[in-house]
Amino acid sequence: MFLAWQEKVFHTQLFLFEKSRFFASVISILSIYMKAINLPGLDKKWQSKWAKAKIYQTKDLSDKPKFYVLDMFPYPSGSAMHVGHCKGYIASDVVARMKMMQGYNVLHPMGWDAFGLPAENFAIKNKIHPAKAVAQNISKFKKQLELIGFTYDWAREINTTDPDYYKWTQWQFKKMFEAGLIRSIMDPVNYCPSCKTVLANEDVEDGKCERCSTLVQRKPIREWEILITKYAQRLLNDLDKLVGWEDSIKEMQRNWIGKSEGAEITFKIQPKGEIKIFTTRLDTIFGCTYCVVAPEHPIIQELKENISNDQEIQGYIEASKQKTDLERTDLAKEKTGVEIKGIKAVNPFNNQEVSVFVGDYVLGHYGTGAIMAVPAHDQRDFEFAQKHNLEIKEVIKNSNGETVLPFVLDGVLINSQEFSNLTSEQARTKMVELAVKKGFGQKTINYKMRDWVFARQRYWGEPIPLVYCQHCADAIKSGNYQKDQYSQGEINNPGWIAVPDKDLPIKLPNVKSYQPSGDGQSPLASIAKFVNTKCPKCKGKAIRETNTMPQWAGSCWYYLRYIDPKNKKSFVDINKEKYWSPVDLYIGGAEHATRHLLYARFWHKFLKDSQLVNYDEPFKRLQHVGLILGQDGQKMSKRWGNVIDPDDVVKQYGADALRVYEMFMGPFGDSIAWNTQGLVGAKRFLEKVVSIKGKTGAVADSKELVKMLHQTIDKISKDIQDFKFNTAISQLMIFANEAEKQEKITENTVLTFAKLLAPFAPHLAEEIWQEKRKGKFVSIFQEAWPKADPDILVDDEVDLIVQINGKVREIIKVDANISKDQALELVMQRETTKKWIGEGKPRNIIFVPKKLINIVF
RNA sequence: GCCGAAGUGGCGGAAUUGGCAUACGCGCACGACUCAAAAUCGUGUGAGCUUACGCUCGUGAGGGUUCAACUCCCUCCUUCGGCACCA
């Protein structure tokens, strides 16, 4: 078909030829004939050739240096990929291709994160089984990816829903359980009434479900929690090691972990008991005029009989339970609270008795769930005190004397007995010392990050490999068991027993109804055959855990599986892991900064502690992808009808044009609107390259062109490394423009240029390369990346900017090594200089070698 | 409220160890080719003034440092992202 089309063009031109205008027609025929490359037609041709020659197959181990480049793997949802999804994949492919040519053993894998709500909701909506839906979606996604011409080693493809894969997710979970890092809870947790499941703190945005925007409720449900907070300090400290991460992402993690240093102080309660409060402002403690406890605080139930207004208190607690998270944390809302009558708290620093309130602006899960209130120096306490007519006692003065309450900054202490006149900082140190000495307090660190609520009451996830055995529960609770009979996890969670390794994977059973039940149980709970089992310890009756793992489980370690995807004995061979880890470059969306990226770092640290991997951080360098918005500037989504399908683009313009355009749009991390005109520009550039290909035949190139070629080699190599793809392509365009102006150029220059173009436009580059080669197929990607010759890059002549009083007046060509005096002499003779200086006498001469001379008079 | 990133032509953007502002691309205008259109090629394209050579102004606003500021400092404004009753 391709040939037929060419022929037609040729005949049309012949007809014109007869009509006269000989020379014009000859040129026209030649140029059209040379340009007659159908760009989209190249895609299939080379993709199948590459696949046949297996040029992307990665060796497990090699003497070559390794380079592991990873994309955040997609979840194959119902809607196909749009051009925005491809952007990150194209970037990783560009880097992978350059690294291949630079002689690295490159690992560039792809797989599917297929468990979780998106896949399950799609399945429910379309009334097909999730497993079937996932299989369909994967094949659709894979086809889309293949059209674009990526270097994936498909032999390493993984799928988190494959039992051979999730066997190891379960196995690792079990390791964590045995290590005592997992506990069963029955606390109020985030619950989405629409998805009918519990959500992790990370899955809640503005009090709404991250997936469906339904208002999240708080509901007590039996749950599993991974004690990620035990790793909080290490997760925070090791951020400093991650020099290849973008600061913005690291900062997000810091915010999320939310470390704050302060003190925990014990207040005795009259008539009995005590509460602990957490404060970062111990220096203000003499200004404490009351205390507030969270509605969940145990003291309220403990001192029930001492509380004279118990009914009122219980009423308040009930009311606050009814509130959604959003209502409760609404900043604009007035702070409510009720005084707990009949009890008082005693400030250990001055033995003053103060009232105790219950108020839901104090959070049960943070710190100790109780605070000392210092209305003079805290905004919230100030508002609360004003409303309830409570004493406001000033204890911190601004150093300049002027202080408007509430004054929340550090200052100098007043009205604080022996601590008066100290600065806030000094006071905090001295006060902690005193508290420790007298035994009523200590230094404490708190984190905003909460433990990871890990189970979901849904069908489509990894089954949790635990069973419940009442017999073992009784034994553990009564202490009636042998040493080493139970693991730490089993002792911590009496009755919960881990399934033995030989029984893994616990396969997700096929069910007819996989819809969420909404009764706090997963659909698995209704399958008697699945639920009823034997206790692996005592062989008695036991029932299986029917909750499943959350979406994030499988993605916590997938990058390790690519290294050794077929291993039956272990999730990864430790020697292979040593060679390939850590991931050298990880590309994905910034929306994962506080979820996947934090979970995976935690998970990896646990594996390191268990001596199952070699390094304590999984990802050396991280680059976030900026969104591609719709042409209208809105987020690309079916809802707005602004989705651009890569398949259409590839069909019409070819994969190379899509790749070049997406890399050229702008800075890689920025969100930029799609513009089809820009795509046309990319295509024009590629056509220009085709026409340059036809210009070979020169014996030698001009010195200028050679120099420009070497500058281009230098710039492209650096820019790809630095993720500045847009300027790399701009440089390719600059070179192409220059080359096109030449009558003829050497074949060597064309081939070198093809190599530089290859990471971005692999199909066209291969076409150019192979056209000039004969014999056995060796891909351009098996050839060496060009090196810039430093001698050629050196300038012997430069443009010198001539400034008079700081304004540019002239640009002259001079010898690159011209001295200041020589330059001055030269410039002073010039008409332009004479004109501007006139009678003036130069007062100052600034000379920057190879750049400029500035004459100040 | 706190933290972070950013603000440059009609548009996407380039240039930050301070040294030609607007590279490259899109769009637009004019011209060539064409019966014509598209495609392609060529020229031009920040604003103002000027017959012209040129000159002045110009990187969100205002100030400052400097021979020289998109780049550094100060005070604001705006947009985006994250965190947020976290004591």
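The values are calculated or read from the model by the stated rules, or taken from the named source; none is laboratory data. Just so it is clear, the model here is predicted, and its values are computed rather than measured. As a convention, Cβ positions derive from the backbone with ideal geometry for all residues, glycine included, and neighbour counts pool all protein chains shown. When the accessible area is computed, the model is the full protein with side chains, heavy atoms only, and any ligands, DNA or RNA have been set aside. Shrake-Rupley method; radii C 1.70, N 1.55, O 1.52, S 1.80 Å.
Net charge of the neighbourhood of A:F177, taken over other residues with C-beta under 12 Å away and scored Lys/Arg +1, Asp/Glu -1, is -1. Overall, chain A carries a charge dipole of about 2440 debye about its Cα centre when +1 sits on the Cβ of Lys and Arg and -1 on the Cβ of Asp and Glu, all other atoms neutral. The figure for A:K534 is an accessible area of roughly 140 square angstrom, using a 1.4 Å probe on the protein chains alone.
Taking the alpha carbon gyration tensor of region A:281-406, multiplying each eigenvalue by 5 and rooting it gives semi-axes of 26, 18, 12 Å, largest first. As an equivalent ellipsoid, chain A spans semi-axes of 61, 41, 24 angstrom, where each value is the square root of five times an eigenvalue of the C-alpha gyration tensor, largest first. Scalar couplings 3J(HN,Hα) for region A:105-119, obtained by applying the Karplus form with A = 6.51, B = -1.76, C = 1.60 to θ = phi - 60°, are 7, 9, 10, 9, x, 8, x, 9, 9, 9, 7, x, 4, x, 5 Hz; x denotes Gly and Pro. Under 5 Å between amide hydrogens, built in the peptide plane, is the criterion, and for A:V189 it picks out A:K219, A:I221 among residues at least 5 positions away or on other chains. Rolling a 1.4 Å probe over the heavy atoms of the protein chains gives chain A an accessible area of 47 Å² per residue. Annotation: the antiparallel percentage among DSSP beta bridges lying fully within chain A is about 75.
Across all Cα atoms of region A:206-356, the radius of gyration (one decimal) and Dmax (whole number) stand at 19.7, 60 Å. Normalising the average separation of contacting C-alpha pairs (under 8 angstrom, six or more residues apart) by the number of residues puts the relative contact order of chain A at 14 percent. To put it simply, the accessible area of chain A at a 1.4 Å probe is 51 percent carbon and sulfur.
Close amide-amide hydrogen proximity is noted between A:L800 and A:I812, A:K813, A:V814, each under 5 Å apart and 5 or more residues distant or on a separate chain (H modeled in the peptide plane; Pro and chain starts excluded). Sites count as exposed loop sites when they are GluC sites (Glu not before Pro), lie in a DSSP loop, and have at most 15 other Cβ atoms within 10 angstrom; the longest stretch of chain A without one is A:403-742.
Residues whose amide H lies under 5 Å from that of A:G244, counting only those 5 or more places away or on a different chain, are absent; hydrogens are built 1.01 Å from N in the peptide plane. Label sites at A:D63 and A:D632, each approximated as a point 7 angstrom past Cα along Cα to Cβ, lie 6.0 nm apart. Heavy atoms of the protein only, probe of 1.4 Å, neighbouring chains included. What is the accessible area of A:Y316 in Å², nearest 10? Looks like 30 Å² after rounding.
Rank by packing, highest mean first: peptides A:39-46, A:211-218, with packing defined as the count of other Cβ atoms within 10 Å averaged across residues.
Details: A:39-46: 18.0, A:211-218: 16.2.
For the peptides A:39-46, A:211-218, the packing ranking is A:39-46, A:211-218.
Residues in region A:707-713 carry Karplus couplings, in order, of 4, 4, 4, 5, 4, 5, 3 Hz; the curve used is 6.51 cos²θ - 1.76 cosθ + 1.60 with θ = phi - 60°, and Gly or Pro positions show x. The stretch between A:I812 and A:S420 holds 134.1 nm of extra length on full extension. This uses 0.36 nm per residue minus the Cα-Cα distance.
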